[in-house]
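The values are calculated or read from the model by the stated rules, or taken from the named source; none is laboratory data. Bear in mind the structure is a predicted one, so any value in this text is a computation, not a measurement. So basically every Cβ, Gly included, is an ideal-geometry build from the backbone, and we count neighbours across all protein chains shown.
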Amino acid sequence: MAYNYIAGAAADEYTMRRNREAFASIRLHPRVLVDTSHIDTQVNLLNQSLPFPILLAPAAYHKLAHPEGENATARGAGIAQATLIVSSYASTAIEEIAKNATQPLWFQIYAHPDQGVTRELMLRGQAAGCRAFCLTVDSPVFGARNREARDRFCLPRGIYAEHFRSLDPKSAKAGHVLSEGIYGTMTDSSMTWKTVDWLRSLTNVPILLKGVLSPQDASLAAERGIAGIIVSNHGGRNLDTVPATIEALPRIVQAVGGRMVVLLDGGIRRGTDVLKALALGAQAVLIGRPYLWGLAVGGAAGVTEVLRILRDEFCAAMALCGVPRIDGITREVLWRD
């Protein structure tokens with residue numbers, strides 16, 4: 001059940017596969033006789049300096065993968081000097097995760113049907129020192145997660161959505177309540193741009209919108225002064241047969257015209273994928289399933305190792321394409337017929 005929860009996606013899982021296929025179809029353009037004795041991967045996001053452009057995407061219930069859950073993830077990310085985006089459906093409270101973190105944290109938020117719950121989550125994240133909020137906007141209802149339905153997914157004994165144990169006990173114990181059909185207790189299906197404006201009024205911490213695939217939505221976000229967007233199809237877990245995120249990225253980058261930070265998740269499995277995403281306009285990428293597999297295999301050390309592998313592969317790809325600096329990564333590193 002835990003494996004299928006992490007590995008699975010919506011319906012026929014076409015979108016999850018397409019996320020990988022689309023990256024594989026993009027070819028790189030290697031260059032030679034360039035001095036690559038020093039590779040500089042440092043980026044700046046929302047006034048935060050990152051040694052490399054890979055963040056850990058929000059994912060629920062890390063204790064499904066490892067008994068230490070998000071505490072181990074935070075320690076592993078810290079050793080690798082990476083930023084963890086904590087899920088509001090974490091199986092460890094943000095305050096405890098912050099005690100284990102040695103790198104800045106971001107916090108993912110769902111707009112809960114009870115605005116008081118949403119407000120309390122944001123206040124807790126801000127008090128814990130989170131440097132950005134990621135508002136998930138692509139989940140007004142649940143997609144057709146057939147693996148979870150077949151498994152009758154529920155949280156094992158002793159694992160809870162810790163942030164909701166006092167705020168919404170039903171959500172804390174049940175997780176995704178499949179018996180309720182497409183609607184559940186975790187998201188507000190009436191969320192609109194007014195909800196986004198209300199959330200922005202609660203904090204001075206930057207807010208990014210996670211789950212944008214439409215250039216029109218990206219443009220609206222830029223017009224409203226949103227700090228950033230994350231081009232995401234929820235890892236293929238919501239609406240099946242939508243474009244891969246790397247396919248959607250160029251149009252979104254064009255629509256926002258440099259007015260906001262653009263990040264991407266979905267399908268990142270190799271350092272070459274990171275290079276391709278940056279070449280098409282993303283400032284950084286998020287990984288999800290890869291670090292959860294690392295967490296399952298080796299706890300904190302497994303998370304660190306996944307990030308090391310990706311960073312080393314990314315550096316090698318930069319060198320072999322003749323671009324030793326991040327600001328040199330353009331579409332010129334992509335092969336054009």
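Points worth noting:
- Within the set His66, His62, His38, His29, the sole residue that is within 19 Å of the chain's Cα centre (by Cα) and not aliphatic (A, V, I, L, M) turns out to be His62.
- Residues in the stretch 89-114 that are touching an Asp or Glu at 6+ places or on another chain (Cβ under 6 Å), over 21 Å from Thr304 (Cβ atoms) and among the hydrophobic types (A, V, I, L, M, F, W, C): Ala93, Ala111.
- Count of the stretch 95-118 residues, restricted to those that are farther than 26 Å from Val262 by Cβ and modelled with pLDDT of 95 or more, is 7.
- Residue in the stretch 142-165 that is of a type in the set (S, T, N, Q), assigned to a loop (DSSP other than H, G, I, E, B) and either touching a residue at least 12 places away in the same chain (Cβ under 8 Å) or surrounded by fewer than 17 Cβ atoms within 10 Å (Cβ to Cβ) (or both) present: no
- Residue among Val253, Val242 that is surrounded by fewer than 24 Cβ atoms within 10 Å (Cβ to Cβ), among the aliphatic types (A, V, I, L, M), outside any helix (DSSP H, G or I) and modelled with pLDDT of 95 or more: Val242
- Yes/no for Leu64 being of a type outside the set (Ser, Thr, Tyr), surrounded by fewer than 20 Cβ atoms within 10 Å (Cβ to Cβ) and at pLDDT 95 or above: no
- Of the residues making up the stretch 169-183, those that are touching a helix residue (DSSP H, G or I) at 6+ places or on another chain (Cβ under 6 Å) and modelled with pLDDT of 55 or more number 2.
- Filter result (within 17 Å of the chain's Cα centre (by Cα) and not in a loop (DSSP other than H, G, I, E, B)) within the stretch 256-270: Val261, Val262, Leu263, Leu264, Asp265
- Qualifying residue in the stretch 22-33 (condition: surrounded by 17 or more Cβ atoms within 10 Å (Cβ to Cβ) and farther than 22 Å from Val262 by Cβ): no
- Answer residue from the stretch 278-309, given it is in contact with a strand residue (DSSP E or B) (Cβ under 6 Å, 6 or more places away or on another chain) and in a helix (DSSP H, G or I) and is surrounded by the fewest Cβ atoms within 10 Å (Cβ to Cβ) among those: Ala279
- Filter pass, Asp273 being over 16 Å from Ala59 (Cα atoms), outside any helix (DSSP H, G or I), among the acidic types (Asp, Glu) and touching a Phe, Trp or Tyr at 6+ places or on another chain (Cβ under 8 Å): no
- Here Tyr160 meets the list (1) farther than 18 Å from Ile230 by Cβ; (2) of a type outside the set (Lys, Arg); (3) in contact with a Gly (Cβ under 8 Å, 6 or more places away or on another chain) almost entirely, failing just condition (3).
- Yes/no for Val274 being in contact (Cβ under 8 Å) with a residue 60 or more places away in the chain and either closer than 19 Å to Ile79 by Cα or more than 15 Å from the chain's Cα centre (by Cα) (or both): no
- Condition check for Gly78: touching a strand residue (DSSP E or B) at 6+ places or on another chain (Cβ under 9 Å) and either charged (D, E, K, R) or farther than 19 Å from Phe133 by Cβ (or both): yes
- For Gln216: the one exception among (1) farther than 19 Å from Val262 by Cβ; (2) touching a residue at least 24 places away in the same chain (Cβ under 8 Å); (3) in a helix (DSSP H, G or I); (4) of a type outside the set (Gly, Ala, Ser): (1)
- Residue satisfying condition, being crowded, with 20+ Cβ neighbours inside 10 Å and under 18 Å from the mean Cα position of the chain (by Cα), within set Thr83, Thr118: Thr83
- Each residue in the stretch 34-61 was checked for being farther than 21 Å from Pro324 by Cβ and surrounded by 13 or more Cβ atoms within 10 Å (Cβ to Cβ), and 9 of them qualify.
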